[in-house]
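The values are calculated or read from the model by the stated rules, or taken from the named source; none is laboratory data. Everything numeric here is computed off the predicted structure, so don't read it as measured data. Please note: Cβ atoms are built from the backbone with ideal geometry, for glycine as well, and neighbour counts cover all protein chains shown. Ligands, DNA and RNA are stripped out before the accessible areas are found, and what is left, the full protein with its side chains, is counted by its heavy atoms. Shrake-Rupley method; radii C 1.70, N 1.55, O 1.52, S 1.80 Å.
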Amino acid sequence: MSAGAGEEPRLGWYGRCPCGGTYEERWVDVRFTDPHGSSGRLTDVPQGACVLCGSRVYKLAVLQRIEGAFKGALTDEAQ
Ligand SMILES: [Zn+2]
């Protein structure tokens, strides 16, 4: 079998933690607060948590979703 050049070998794979552990996928709530003090919350956000050290990572698409929600809050505040 030839190895592909894909960055994500399979769904739900977060790669390997620098400590040597692997990331386990779980679903969490993410809260954020913008500079104006208004806060928002995203539920059921997929997150990778290292089984050894507890380090947490998010996929790029998830980060963009959080960022988008954050900007949405800012835009809403400005109008
Ligand atoms: Zn780790």
query: Across region 40-56, what is the total count of residues that are among the hydrophobic types (A, V, I, L, M, F, W, C) and away from the ligand (no atom under 16 Å from the Cβ)?
result: 2
message: Condition first: open to solvent by 30 Å² or more (accessible area, probe 1.4 Å) and assigned to a loop (DSSP other than H, G, I, E, B). Now tell me which residues in region 21-47 satisfy that.
response: Pro35, His36, Gly37, Ser38
- request: Please verify whether region 64-74 includes one or more residues that are modelled with pLDDT of 85 or more and assigned to a helix (DSSP H, G or I).
  value: yes
